[in-house]
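Below you'll find the structure, written out as structure tokens, and then a few comments.
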Amino acid sequence: MVKHKLTDGFHPRQARAILDWAEPGSIALCFQNGERTCVTCIGGFWYECAISATPWWTMTTGRPELSYAYSGSTAKLRHHVTAMLSGRQVIITALQYRVFVRLPGPQRLIVREREHWDANEAVCARRLMRGQGWPVCRIKASLKMPNTIPELIRDTDLILGAGPGGPEDVPTLVKALTHEQARIRIEAAEDLGQIGPAAVAAVPALLKLSEQDRDPLIRVEAAKAVAGIDSKNKTAIPILVEALNDKAGKVRKRAAECLGDVGPRGKSAVAALLKALKDPDPAVSWAAIDALGQMGPGAEAAVPSLTEALKDASTRGAAVDALGQIGSKAKAAIPELEKVLKGDDKSVRWAAASALVRIGGPGLKTGVRYLLETATQNRERNWTDAYNILMAPTAREALPVLLDAVRDPDIREIAWETAVDSSIYLTKDPLGDVKVFLKDKDAGVRCVAAWVLHCARAVEIKNVIAVQVETLKASDPWARRQAARFLGRLGPYGKEAAPALTEALRDQDQGVRKSVAEALQRIQQR
């Protein structure tokens, strides 16, 4: 027998997700490589444990990034793993990392290199991993597939397409809606909902299921699927709202979760979800908070109630995330979120900082600097996550704050890298709030700002070169090294800087001399 001791991990949601799942008959798959750690999949969530005294294993952290390897039913995963161990290749569902475009004709799947930012940022922020912002795709899986997540998400040859299936799979799934096993009916409804508009032929069968199935949980799942397929359907949302008043707590909870999965299209249910916040079952109130967050700006009316929920330890974790997802419409909650960030509850600080970044406004700087400082203190655990949160499109407002952070030696590395990388996607942005940094008193800030503007194609290259050449004479060695690196990245286009770089070969700082030499080599390459 194996027992898992749960902890708050990096976010109280992690333990909550496991406890909500842990009902008699639920299936989990545990993977252990012979060492003292293991990872466990419970479907839409993965977590890591370390061995304690036998038979106890202690949860150390959630591992949401493993959903890039698999996201779906654990019953299906058990079947897939068995097939893979026998040497077969299988088709599995996993969190979608990139955006796909399907063109007419056979095998016309275009993979855009830019990541699916909503899901990627959700992984890094440890937010709820479910619903419209958590799309899946189909990938080919076998014992020969890559062993690490970075390798897996970059292997586009494994990708078959977006969603758990296509129009060709709809008839089989519709047939499964009448299966005698409840699990099969639920999984079929979930898959049809994720296929979306292409599964429109299934709507009549799903509506019948939502009204007549003997299992109330299946009825709400079918209604959710209808909402996912046909956004104009006027039947699905009322069915889910009505289920919020069911006698069974688990049905009310699932109804709230399904409304959240519908996302912004379910905003007509905000009033009903606000009422559900006061449900006597804490699992229902938590699910209602999650749902309000997934509705985004459309749930602005819930901000006062969610702000109040920050004061209660039992709902704080969900409320922090929900306010962040509502975004700029939740600015009234900034003072309370800043209190959470500085409070004694360490498990929600990261989430509070992420929420402040997403909301923007006067709390933005506090959130950005917390993420930078935490990532710098523990790079192995936090660097990548902070980086992805800060460079997500929702964090455009963070760019000036990142540039301002370059003047701080303790956090400047991740600050400049994130600022530069985020600017690549801002080529149509006027960036006036960035251009002011070209006149900053700090040479390092001027240097990075010029490069950010260059990456965004917002200034002429001769002006970029001029700033970097000027920086080669700055008193700050870090700024001089950085200027040399940027000039080197220009390659032959930076040849006008060659005389200044040659002179800088006599710099007193060894690191500067090395960067200058490398820059000259790259500039001289043809």
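Restricting the search to helices (runs of 4 or more DSSP H) fully inside segment 197-306 and requiring at least 2 residues that are among the charged types (D, E, K, R) gives 203-212, 216-229, 249-262.
So which of 303, 241 ends up being over 24 Å from residue 192 (Cβ atoms), free of Cβ contacts under 8 Å to residues at least 40 places away in the same chain and surrounded by fewer than 22 Cβ atoms within 10 Å (Cβ to Cβ)? Spell out the reasoning first.
Working: 241 fails: over 24 Å from residue 192 (Cβ atoms).
The match here is 303.
Against the conditions (1) over 19 Å from residue 414 (Cα atoms); (2) part of a helix (DSSP H, G or I), residue 389 satisfies every one except (1).
I'd like the full set of residues that are in contact (Cβ under 8 Å) with a residue 24 or more places away in the chain and either under 16 Å from residue 74 (Cα atoms) or surrounded by fewer than 18 Cβ atoms within 10 Å (Cβ to Cβ) (or both), limited to segment 32-55. Quick ask: steps written out before the conclusion?
So in segment 32-55, the residues in contact (Cβ under 8 Å) with a residue 24 or more places away in the chain come out as 39-45, 47, 49, 52, 55.
Matches in segment 32-55: 39, 40, 41, 42, 43, 44, 45, 47, 52, 55.
Among the residues of segment 316-333 satisfying the criterion of being surrounded by fewer than 21 Cβ atoms within 10 Å (Cβ to Cβ) and at pLDDT 95 or above, which is nearest to residue 290 (Cα to Cα)? Applying the filter and picking the extreme gives 329. So, residue 273, is that one over 29 Å from residue 161 (Cβ atoms) and not small (Gly, Ala, Ser) or not? Yes; evaluated as a whole, the condition is true for this residue. Filtered by the rule that a residue be without any contact (Cβ under 8 Å) to a residue 12 or more places away in the chain and farther than 19 Å from residue 227 by Cβ, segment 179-204 gives 179, 180, 181, 184. Among the residues of segment 465-476, just one is free of Cβ contacts under 8 Å to residues at least 24 places away in the same chain and either touching a helix residue (DSSP H, G or I) at 6+ places or on another chain (Cβ under 7 Å) or under 17 Å from residue 511 (Cβ atoms) (or both), namely 473. When you scan segment 30-53, do you find a residue that is under 27 Å from residue 261 (Cα atoms) and over 23 Å from the mean Cα position of the chain (by Cα), even just one? Within segment 30-53, one or more residues are under 27 Å from residue 261 (Cα atoms) and over 23 Å from the mean Cα position of the chain (by Cα).
Selection within segment 334-354: residues that are surrounded by fewer than 21 Cβ atoms within 10 Å (Cβ to Cβ) and among the small types (Gly, Ala, Ser). The member of this set that is modelled with the lowest pLDDT is 347.
Could you list, in sequence order, all residues of segment 131-187 that are of a type in the set (Lys, Arg) and assigned to a loop (DSSP other than H, G, I, E, B)? Steps first, please.
First, the residues of segment 131-187 that are of a type in the set (Lys, Arg): 138, 140, 144, 154, 175, 183, 185.
Within segment 131-187, 144, 154 meet the criteria.
Here segment 1-25 is the region considered, the condition is being more than 30 Å from residue 353 (Cα to Cα) and exposed (fewer than 12 other Cβ atoms within 10 Å of the Cβ), and the residue that is modelled with the lowest pLDDT is 1.
The values are calculated or read from the model by the stated rules, or taken from the named source; none is laboratory data. If you're wondering where the values come from, they're calculated on a predicted model, not measured in any experiment. In this analysis, Cβ positions are derived from the backbone assuming ideal geometry, glycine residues included, and neighbour counts consider all displayed protein chains.
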